[in-house]
Amino acid sequence: MQKYIAVIFALLLSALTCSGQSFLAKYPKLTKKNLPVFFGDWKAYSDSVRDTNKCNTDISHVVNTAEIGSSRIVKALEGDLSHNAKKPPVKKYGIIPQYIPVEYYPIAPTPNDTLFFSWDYASLYDSIMVKDTITPLLGHNELYLTNNISTRLMEFITGLNVDNESPGRFINKNIRALQKHLRSYNDEHNGWVNFNDYPYIWKVQATDDFIVLHIRASNYTGYEQWYIKKDEGFEEVPGIHNTWIE
């Protein structure tokens with residue numbers, strides 16, 4: 001039995017190491033006591049991979065310079081003014097996805113212009129579509145979220161192994177402990193908590209002359225931002241597009 005457990009642990013450690021999250025192996029179970037150290041290791045991991053994932057240059061530029069709501073302006077101000085502000089007893093972190101999926105169609109001009117994705121004309125070109133991911137730049141005191149890290153946090157606030165059980169009753173004292181380390185905490189939705197800070201980019205679709213950022217604004221809402229190629233770069237189409245509510 002002990003040999004069997006050792007093999008399982010070795011496989012788990014190998015999987016985490018291959019996925020670049022070996023620090024998680026130090027925390028088979030999160031507690032209020034080890035939570036501060038966990039966040040420190042999470043920050044070190046995020047800093048170590050911030051420049052490791054490259055994508056199409058134009059797409060990367062749009063993703064990393066887009067003003068999503070007022071969040072980037074607010075985060076920039078937090079960084080610039082942090083030396084004048086009273087330091088909180090615990091450092092507060094923002095959370096963004098480490099990997100944003102990208103669907104790239106190497107065509108131009110884009111048929112039907114801005115209706116290409118909205119009316120699903122893109123499906124006609126699925127045979128040449130290239131799937132990729134992009135790792136966005138980290139802002140001030142931000143962390144990258146992955147599925148494995150999200151699972152570990154869910155186990156902490158529910159007390160369950162969510163790989164084998166559906167998340168159930170939430171532990172309020174653990175939620176309060178977690179909130180001390182986060183800029184924001186989203187209420188549960190369908191039995192799960194999305195730990196990313198809203199709003200955030202959750203998917204990108206692009207051609208050679210048109211880029212669509214799919215943005216989740218809350219547990220229940222979202223919209224798109226569009227960018228059209230102009231001269232040597234991309235220019236935002238004013239306004240928000242294709243808003244949705246669940």
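The values are calculated or read from the model by the stated rules, or taken from the named source; none is laboratory data. This is a predicted model, so every value here is computed, not measured. All Cβ positions, even for glycine, are placed from backbone atoms using ideal geometry, and neighbour counts span all protein chains on display. Accessible surface areas use protein heavy atoms only, side chains included; no ligands, DNA or RNA. Shrake-Rupley method; radii C 1.70, N 1.55, O 1.52, S 1.80 Å.
A few remarks follow.
- Accessible area per residue for region 96-246, computed on protein heavy atoms with a 1.4 Å probe, is 50 Å².
- One decimal place: the segment MET129-ASP231 gains 34.3 nm when fully extended, by the rule 0.36 nm per residue minus the C-alpha distance.
- Checking the cross-link pairs LYS29/LYS92; LYS32/LYS131; LYS33/LYS92; LYS29/LYS180; LYS92/LYS173; LYS26/LYS203 against a 28 Å limit on the alpha carbon distance flags LYS32/LYS131; LYS26/LYS203 as lying beyond it.
- Computed over protein heavy atoms with a 1.4 Å probe, the carbon and sulfur contribution to the accessible area of region 200-246 reaches 53%.
- At 1.306 mPa s and 10 °C, Stokes diffusion of region 97-200 via Kirkwood alpha-carbon radius, µm² per second: 95
- Amide H contacts of ASN194 (H built 1.01 Å from N, in plane; Pro and chain starts excluded): HIS189 sit under 5 Å, all sequence-distant by 5 or more or on other chains.
- Distance between the pseudo-spin-label points of TRP244 and ARG183 (7 Å out from Cα toward the beta carbon): 2.5 nm.
- Prolate/oblate/rounded label for region 192-232 (Cα gyration tensor, a/c 1.5): prolate
- Separation of the ASN172 and TYR121 label points, Cα + 7 Å toward Cβ, nm: 5.4
- Difference of contour (0.36 nm per residue) and Cα-Cα distance, ALA44 to LYS32: 2.4 nm
- Anchor LYS91: aspartates and glutamates whose Cα lies under 13 Å away (excluding residues fewer than 8 positions away in-chain): GLU78, GLU142
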